[in-house]
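Accompanying notes for the structure given below.
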Amino acid sequence: MDFRPVSAIIFKRRVCVGEMKLRKKPGNLSALRPAIGSIPLCILVSCYILAFCNDTFWHKAADYLGSGTGPLWTLVLAMVALYVAAATPFSTKYIIKPFLIFLVIVAAVASHFTDSFGVVIDSDMIRNAIETTPAEAQHLVTRDLAVHLAIFGILPSLLIAWTKVDHRPFVSKVVWNSATIVISLAIVAVCGITYSKEYTAAVRERRDITKSLNPITPVVSTARYFLSAGREASIVVQPVGTDASVRASAGQMNKPRVTIIVAGETARAESFSLGGYRRETNPQLKARNVVYFTNTTSCGTATATSIPCMFSRFTREEFTHAKARANENLLDVLAHAGVDVAWFDNNTGSKGVADRILYVDLANSKDPRFCQQGECLDGMLLEKLDDWLDHVKGDSVLVLHQLGSHGPAYYLRYPEHMGKFFPDCRTSELGRCSAGEVTNAYDNSILYTDYFLSAVIDHLKARSSHMAAGLIYMSDHGESLGEKGLYLHGTPYLFAPSQQTHVPFLTWFDDDFTQSMNLDTACLRQSATGPTSHDNLFHSVLGMMNVRTSVYQPELDVFSKCRPGNS
């Protein structure tokens, strides 16, 4: 039987139907949609992410391996193969497009911060981002970020969404995907073996190379953070220093003893004139006879790590977030001793340190004298300090948590009329300012901290007739202002620059407080040039307040060697 007439009729009907559809939809662009196989799409997207969202990674790799050398080009091949191997398992219908778009968006956002500020998006940085406030976050959501995201994230994502992906039958897809993964991993292995010596040395000497790889580092770091947070959520806090008590003060002093702990924010020691900075950024503190410790290092490079660490009994080498969650801290020990303890916050919170004491959040204040754009100047804390001091009845400790010099909007950390260094950068988009303008704005914020600390001292002096007072100031971490291409803070401690880990630390005591401690101030000034760190805060404050407890370690108390018979 001849089927040709039947087939001809069917063919003609299909053509006619197709013509009818096209006539109904004259603007139909479906015929223009590019079509591509799932594996080629994975290869293209991998190449795109590596080429356009990893500028910092390739610059670091080229600096270490040498531009245009065999190890560098072999690394390019290995990275493409590695990304293809990672993406291919997701190259199935309904999954491949959302997955690849997710990678592109994450890589685009991360590359903006990595390339613009030298930021490494590790688990601590993810913790900082999640624990920050909307007001603080708004300074990072800039026009530059929006443009970068539109060009390198949204446009390629739209192209991926529009592209038609041709999928093989299930069995064939399993075979091809498996073969692609095996071949890709084999390429990675051969490349790694070929230049194993060079790559091993690079990873060992320059761990920051792999830390800047997008989107692998942000994705892995986020997963690690949530796994850690999940484990920490079930932690039960264990008491510390329940045997604490206040021993009698030296001499005949019967006044309440008051210590103000100022937890600084983003102040770097290199910008403190008390430590030798060429600019006079601490004129008022210099006039108040403070003791400045010139060689102090931080526990971390971000608030979420440093604040819990500096108030814990653990040294930097011992510290973990889980340990901090599982153990009471300095403020709890003081409370066990009968000291009245409180925390006033003008930042992003106490990070769990003040969970069991009086906590006052001032960061959301609407006072127009101090607050704008959802943030407040630290001067607001001074009014609250006055009211607190007026109600002191016994030995007391108050923590003032500054907003300090937190960037990138340094210009919002001080009233413009109190600035001294101009022109200053008046935007949070630091790339739009010169290096000098950025430095001027930051130095003005340090100048305002100088005013703030001096004002705290003056408020204490004004009450010297009925209380003995002391102040201890220590910043949580420092800040990079473009040195070595880095800005802001949060660089992993292993390769963080000194600008982020060298922090200011100073103390001031009135005569009665000095006498109550039996403190030799001449000895303290002489010893202030030695190495100190966040490790010392826990034990030094206990020593200041004459608290006796089994968890106190005199060797970590910066005052103990200068208190004859009291160490």
Single residue of 338, 419 found to be modelled with pLDDT of 95 or more and at positive phi: 338
If the requirement is being buried (at least 18 other Cβ atoms within 10 Å of the Cβ), farther than 22 Å from residue 516 by Cβ and modelled with pLDDT under 95, which of these qualifies: 375, 479? 375
Would you confirm, using the coordinates I've provided, whether residue 161 is of a type in the set (Gly, Ala, Ser), closer than 22 Å to residue 304 by Cα and not assigned by TED's automatic domain parsing to the domain that holds residue 491? no
Collect the residues in the range 541-567 that are β-branched (Val, Ile, Thr) and closer than 18 Å to residue 505 by Cα, keeping them in residue-number order. 541, 558
I'm trying to understand the selection: among the residues of the range 228-274, which are under 26 Å from the mean Cα position of the chain (by Cα), outside any loop (DSSP other than H, G, I, E, B) and within 18 Å of residue 404 (Cα to Cα)? 260, 261, 262, 263, 264, 269, 270, 271, 273
Answer yes or no as to whether residue 121 is outside the structural domain of residue 364 (by TED's automatic domain parsing), under 15 Å from the mean Cα position of the chain (by Cα), at pLDDT below 95 and over 30 Å from residue 365 (Cβ atoms). yes
Which numbered condition residue 153 fails, given (1) more than 15 Å from the chain's Cα centre (by Cα); (2) crowded, with 19+ Cβ neighbours inside 10 Å; (3) farther than 27 Å from residue 84 by Cβ: (3)
Of all residues in the range 174-216, which are under 34 Å from the mean Cα position of the chain (by Cα) and β-branched (Val, Ile, Thr)? 188, 200, 203, 209, 210, 216
So which residues in the range 230-265 are without any contact (Cβ under 8 Å) to a residue 12 or more places away in the chain and within 27 Å of residue 124 (Cβ to Cβ)? 230, 233, 234
Yes or no: residue 478 on the phi > 0 side of the Ramachandran plot and either out of contact with any Phe, Trp or Tyr (no Cβ under 7 Å at 6 or more places or on another chain) or among the aliphatic types (A, V, I, L, M) (or both)? no
Out of all the residues in the range 392-409, is one or more closer than 16 Å to residue 266 by Cα, in a loop (DSSP other than H, G, I, E, B) and out of contact with any helix residue (DSSP H, G or I) (no Cβ under 8 Å at 6 or more places or on another chain)? yes
Restrict the check to the range 293-304 and report whether at least one residue is surrounded by fewer than 23 Cβ atoms within 10 Å (Cβ to Cβ) and either touching a Lys or Arg at 6+ places or on another chain (Cβ under 7 Å) or at pLDDT below 95 (or both). no
Residues of the range 82-118 being aliphatic (A, V, I, L, M), over 19 Å from residue 487 (Cα atoms) and surrounded by fewer than 23 Cβ atoms within 10 Å (Cβ to Cβ), in sequence order, are 82, 85, 86, 95, 96, 101, 105, 106
Yes or no: the range 527-543 includes at least one residue that is within 13 Å of residue 250 (Cα to Cα) and free of Cβ contacts under 8 Å to residues at least 60 places away in the same chain. yes
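For (1) surrounded by 14 or more Cβ atoms within 10 Å (Cβ to Cβ); (2) in contact (Cβ under 8 Å) with a residue 12 or more places away in the chain, each residue gets a yes or a no:
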position: 135; (1), (2): yes, yes
position: 162; (1), (2): no, yes
position: 166; (1), (2): no, yes
position: 173; (1), (2): yes, yes
position: 179; (1), (2): no, no
position: 189; (1), (2): no, no
position: 197; (1), (2): no, no
Out of the residues in the range 516-534 that are assigned to a helix (DSSP H, G or I) and not small (Gly, Ala, Ser), which is nearest to residue 291 (Cα to Cα)? 525
State the number of residues belonging to the range 474-515 that are touching a residue at least 40 places away in the same chain (Cβ under 8 Å) and not in a helix (DSSP H, G or I). 26
Which ones in the range 48-76 are in a helix (DSSP H, G or I), among the hydrophobic types (A, V, I, L, M, F, W, C), more than 16 Å from residue 200 (Cα to Cα) and in contact with a helix residue (DSSP H, G or I) (Cβ under 6 Å, 6 or more places away or on another chain)? 49, 50, 52
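The values are calculated or read from the model by the stated rules, or taken from the named source; none is laboratory data. The model shown is predicted, which means the values in this text are computed figures rather than measured ones. Cβ sites come from the backbone with ideal geometry, for glycine too, and all protein chains shown count toward neighbours.
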